[in-house]
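For reference, the structure discussed in these notes is given below.
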Amino acid sequence: MADEDRTRDGARAGDEPTGRPASHRPPTVATGLNGRMLRRLARARQRRRWALEGLGALVCLVLLVAYLGTRSGPESAGSPVGGAGGIPAGATRPTAFPAADGHATDAGPALPGLRPRERPPSPEPTPSTSTPAPPPKRPGASLLSVSRAEVPAEVDLTAVGVRDWMHWGLRGGTSTVRKRSGSGEIVDGGGRGNRIGWDGNQEVVRWSDGTPERFDRGSSNGVYTCGVGNGFTLAVVGSGAPRTVQVYAGIWMARGRLDARLSTGGPVGTARLEDPYTSQSAVFTIRFELPKNARLVLTWTVEKVFTEHCGNVGLQAVALR
């Protein structure tokens with residue numbers, strides 16, 4: 001029995017490997033707890049990192065918005081309004097301008113949102129566009145007034161020129177059409193510079209009582225002449241009764257000046273039209289009264305140019321009623 005007991009005791013003692021603890025459970029539990037704590041700590045650090053990164057991104061966004069707000073604000077009064085060449089932002093040359101052969105040529109893309117007869121502002125003050133209203137006419141005295149307005153998209157010369165009318169440029173620089181059976185009171189007096197015909201006016205004119213062309217349903221033709229001091233001279237013969245003359249004219253990258261004088265003397269009526277960047281048209285209305293055979297003399301000339309490429313004044317038609 002004693003040997004048996006010793007044998008059992010020796011067997012139990014030999015069951016335990018050398019250097020191992022008596023129990024394996026406690027280390028396993030401790031190791032699991034340490035792993036869960038480490039994972040929690042790692043997740044906490046990840047959340048803190050995400051929070052810091054989000055806060056940094058938000059601060060950068062706020063600073064970017066503030067910077068863009070200062071950049072997009074209105075320009076100061078002293079800042080330049082133009083880009084290269086002094087042309088204001090958004091302004092371009094016209095899609096068509098007169099070439100040497102008198103036909104419209106492409107000069108670049110059209111300005112978005114810029115409809116006909118809408119123009120960029122002039123970089124310098126434009127002189128007075130019309131003369132003040134004349135004082136009441138004394139018996140036997142002459143009458144003269146000049147004003148300027150926008151041209152309608154279409155003009156019926158037969159309707160507005162009940163006494164007489166004249167059109168230029170239908171078949172080139174020397175071509176004219178007159179009212180059939182008109183009074184003949186409109187006189188083309190020539191003028192300085194070479195006349196060139198072209199077909200790119202913004203507005204069109206039509207007629208049904210012309211000669212040598214009996215009718216036209218819509219002509220954009222006209223004539224122009226380039227260079228400072230060059231232009232057109234016209235005259236209208238007086239009849240002793242009040243008359244109204246309408247001159248349909250335009251400019252391209254220039255300032256044009258219309259002067260109206262009476263052959264009997266007296267003050268001069270003046271009106272101007274200017275566009276430094278593109279073309280523009282206008283109708284000048286001159287009201288006058290002169291004795292028979294006296295004359296109203298009109299000069300339409302280039303007063304200033306804004307380009308080396310043929311800044312000019314143009315003439316399309318004149319109507320008398």
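Every read-out reported here was derived from the displayed coordinates using simple, explicitly stated rules and does not represent laboratory data. Here the structure is a predicted model, which means the values were calculated and not measured. Note: ideal-geometry Cβ built from the backbone for every residue, glycine included; neighbour counts use all protein chains shown.
Could you please rank H309, H167, placing first whichever residue has the fewest other Cβ atoms within 10 Å of its Cβ?
H309, H167
Please work out whether the stretch 142-320 counts as rounded, prolate or oblate from its C-alpha gyration tensor, where a ≥ b ≥ c are the square roots of the eigenvalues and a/c under 1.5 means rounded, while otherwise a/b larger than b/c means prolate and anything else oblate?
Taking the square roots of the gyration eigenvalues as a ≥ b ≥ c, the stretch 142-320 is oblate.
Sort the following peptides by mean Cβ neighbour count (other Cβ atoms within 10 Å, averaged over residues), highest first: 156-162, 170-176, 243-249.
Going from most to least packed, we get 243-249, 156-162, 170-176.
Round to the nearest 0.05 the FRET efficiency obtained for S208 and V228 when R0 = 51 Å and r is the Cβ-Cβ distance.
0.85
How much length would be gained if the chain were fully extended between D156 and V65, taking 0.36 nm per residue of separation minus their Cα-Cα distance, in nm to one decimal?
Working it through step by step, the gained length comes to 27.1 nm.
Measure out, as a whole number of angstrom, how far apart the alpha-carbon centroids of the stretch 279-315 and the stretch 169-205 sit.
13
Quick one: length gained pulling A51 to L38 fully straight, 0.36 nm per residue minus the C-alpha distance?
Using 0.36 nm per residue and subtracting the Cα-Cα distance, I get 2.7 nm.
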